[in-house]
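Encoded as structure tokens, the structure appears first; notes follow it.
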Amino acid sequence: MSERCALTPEKETTLSPVERSSKPSPARDSELEPLLSRILSSLDDDKAEDIVTIDLKGRSSLCDALVVASGRSQRHVASTAEHLARRLKEAGFGAARVEGLPQGDWVLVDAGDVIVHLFRPEVRAYYDLEGMWSVDEATRARETLSAIA
């Protein structure tokens with residue numbers, strides 16, 4: 001069931017739950033900046049390589065941004081993730097969930113609005129998260145139209 005919301009006093013519209021959740025609010029963006037800045041600073045301090053930020057606002061309900069970075073070895077990936085989780089907690093962002101730490105090939109740090117993926121270079125190339133999330137709108141529209149036809 002859709003919910004009615006007043007956009008202006010003269011005009012009302014009906015928005016579906018998907019449409020409501022996909023519109024980023026300015027307050028949400030301002031909350032994301034300090035978190036993202038702290039994450040990027042921590043990764044830079046630990047000499048992470050090839051740091052890429054992928055904006056997912058309106059594209060995913062999981063998070064607003066992904067950060068993908070590489071470490072030189074399993075030990076480097078694991079220590080970078082541990083340092084990041086500790087620094088986020090010390091900065092007041094809460095306890096981030098960390099997955100994959102014992103293996104050190106691919107470590108995921110879930111900081112809420114931002115999810116960080118730390119890889120060894122070979123593993124990063126294999127999974128190609130940047131390629132998966134960087135599909136442009138025109139390509140996606142063509143794929144959708146060809147699937148319907």
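The values are calculated or read from the model by the stated rules, or taken from the named source; none is laboratory data. Just so it is clear, the model here is predicted, and its values are computed rather than measured. For neighbour counting, all protein chains shown are included, and Cβ atoms are generated from backbone atoms with ideal geometry for every residue, glycine included. Just the protein is used for accessible areas: all its heavy atoms, side chains included, with ligands, DNA and RNA removed. Shrake-Rupley method; radii C 1.70, N 1.55, O 1.52, S 1.80 Å.
Within the shell of other residues whose beta carbon sits under 11 angstrom from the beta carbon of residue 49, the net charge comes to +1, with Lys and Arg scored +1 and Asp and Glu -1. Measuring only protein heavy atoms, the 1.4 Å probe finds residue 55 accessible over about 90 Å². You can think of it this way: the chain between residue 89 and residue 50 has 11.6 nm of extra reach, that is 0.36 nm per residue less the Cα-Cα gap.
Reported value for segment 45-94: 95 Å³ per residue, from the convex hull of its C-alpha atoms.
Local charge sum around residue 36 (other residues, Cβ-Cβ under 9 Å, Lys/Arg +1, Asp/Glu -1)? Don't jump to the answer; show the numbers that get you there.
Numbers: positive: 38; negative: 33, 64, 113.
Summing Lys/Arg as +1 and Asp/Glu as -1 gives -2.
Note on residue 105: accessible area approximately 40 square angstrom, rounded to 10, probe 1.4 Å, nucleic acids and ligands left out.
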